[in-house]
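The values are calculated or read from the model by the stated rules, or taken from the named source; none is laboratory data. Just so we're clear, the structure is a prediction, and the values are computed from it rather than from any experiment. Quick reminder, even Gly has a Cβ in these numbers, built from the backbone with ideal geometry, and neighbours come from all protein chains shown. Accessible surface is based on the protein model in full, side chains and every heavy atom, while ligands, DNA and RNA are left aside. Shrake-Rupley method; radii C 1.70, N 1.55, O 1.52, S 1.80 Å.
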Amino acid sequence: MFEKVNAIVELVNGKVWGWGMIVLLFGTHIFLTIRTGFIQKASITKGIKLSVTKDEGAEGEVSQFGALTTALASTIGTGNIIGVGTAVAMGGPGAVLWCWLTGVFGIATKYAESLIAVKYRVKTKDGRMQGGAMYALERGLNMRWLGVIFAVLAGFASFGIGCATQVNAIATVCQENLGIPPWIVGIVIAVLTAVVIFGGIKSIANVCEKLVPFMAIFYVLGCLIILGINYDFIIPAIVTICKLAFTPGAAAGGLVGGGLRLAIQYGVARGLFSNESGMGSAPIAAAAAQTRNPVRQALVSSTGTFWDTVVVCLMTGLVLVTTIMKNPAINADEIANGGVLTSMAFAQIPYIGPVILVVGIISFAFSTVLGWAYYGERCVEYFAGKKGLVPYRVLYVVVAAIAPVVSLNLVWLIADTLNALMAIPNLIAVLLLSPIVVKETKKYINNLDAVDDTPVPVVETGHGQRKAKG
């Protein structure tokens, strides 16, 4: 019976994450890039500066940087380390280029979905900001029913993709490298998670503001050290990545490119999974930010995709390809596990290489647990009201505690499927509201200090417009 259920879920997962979803997401990225006049330029030049600038006096619960790091906490995860390795192993080195291009174009989608999240956000009677795809669908398109579907899918997905699989990854790393029993890891992570998430968004943002920069810098330094060791293979690796992104062929170390189809399939899929552009998760955090106007925060949020995929995933890809090309003993053709490839790469750093990888995976995974806890809360509050928050938090902590000692194959597949399905209502909101995105962009892009004085509706509970007052 269990095997049949697993087979059915696996079949459904393969369909929803098939070419249709890849074309839909990547197509949206390109469409919004054109519609916004290549907003990527402003994202990198203005967004990065704004992300470390406090917007004093603006409405919101947390700083722009706090909202960005909360979103980055959930997007910079094991996908950046293990996911890129899987893309290289299955799609060849050319997958790195397609993963990178997905990030470049994905900046536009992250910008658009964050803009409408702020534009259509609401405020609860106790002063908490609520926003995301569900409110954009309800207030912007009068499609509350679709907003509820998104919230339900995202709420359930948070237990798997955001909690169980991440804690399981931490437990596996701790057991293999430090000899710590999985059940102990589960209890420790559960306690730490409870301490943080019961404090709400401000508590989560405070932790993420400190954890995310540390973990990113720590990991990037490790990558730079490896690239320094492999410096003579950096240019050959770039040439190989670009060449095998389009044509089949072979390179040093058993590197084989399967041509355009495989490179796109695995590169784009891993890139989309890594940066979550189009999924509708990160805008939930963006909506809580203190910001003078929607464009200002949208630019800040869009830098998350830049850091996540354009920088971190690219560096991981270069580390893996240069390592394989430099070390003939590593035959990439015989390795189908991305984690094994990444471990071999970091083993090049004497003594501390494995430590950097272990610390990276633990911090990346734990930050994802915190970020998705906030996303799940906001979604549960939308369809169940404030009374659903405490039961959700308790269940989230329980899942964290038991995750290391249960089989997660089915959980992962179900969560992965829900993650793909939640992208559909979000993309409907983004595409149908693209005229609003264009209008707001033209209004504020050259005057980012302008204040949007449109009143934010006050709601009785987590529900949207139908219970709004004023």
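Computed values, structure above
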item	result
Qualifying residue in the range 228-237 (condition: under 26 Å from the mean Cα position of the chain (by Cα) and either part of a helix (DSSP H, G or I) or modelled with pLDDT of 85 or more (or both))	no
Single match in Ala190, Ala154, Ala164 (criterion: in contact with a Ser or Thr (Cβ under 9 Å, 6 or more places away or on another chain) and either open to solvent by less than 30 Å² (accessible area, probe 1.4 Å) or within 17 Å of Ile81 (Cα to Cα) (or both))	Ala154
Scope the range 429-454; condition assigned to a helix (DSSP H, G or I) and of a type in the set (Ser, Thr, Tyr); matching residues	Ser434, Thr441, Tyr444
Search result, residues across the range 289-313 that are open to solvent by less than 10 Å² (accessible area, probe 1.4 Å) and charged (D, E, K, R)	Arg296, Asp308
Given (1) charged (D, E, K, R); (2) at pLDDT below 95; (3) open to solvent by 10 Å² or more (accessible area, probe 1.4 Å), index of the condition Lys119 fails	(2)
Residue that is nearest to Val438 (Cα to Cα) [pool: residues in the range 68-87 that are over 15 Å from the mean Cα position of the chain (by Cα) and open to solvent by less than 10 Å² (accessible area, probe 1.4 Å)]	Ala87
Any hit, the range 57-67, residues being surrounded by 16 or more Cβ atoms within 10 Å (Cβ to Cβ) and closer than 28 Å to Ala420 by Cβ	yes
Pairs where the first residue, in the range 160-184, is outside any helix (DSSP H, G or I) and the second is surrounded by 15 or more Cβ atoms within 10 Å (Cβ to Cβ), C-beta under 9 Å, 6+ apart	Ile180/Ala171; Ile180/Cys174; Ile180/Val188; Pro181/Ala171; Pro181/Cys174; Pro181/Gln175; Pro181/Pro404
Of all residues in the range 231-249 being aromatic (Phe, Trp, Tyr) and open to solvent by 90 Å² or more (accessible area, probe 1.4 Å), the one that is farthest from Ala95 (Cα to Cα)	Tyr231
One residue from Thr53, Thr33, Thr28 being within 18 Å of the chain's Cα centre (by Cα) and either at pLDDT 80 or above or on the phi < 0 side of the Ramachandran plot (or both)	Thr28
Flag for Lys41 being modelled with pLDDT under 80, surrounded by fewer than 18 Cβ atoms within 10 Å (Cβ to Cβ) and not hydroxyl-bearing (Ser, Thr, Tyr)	no
Glu3 being surrounded by fewer than 24 Cβ atoms within 10 Å (Cβ to Cβ) and at pLDDT below 80	yes
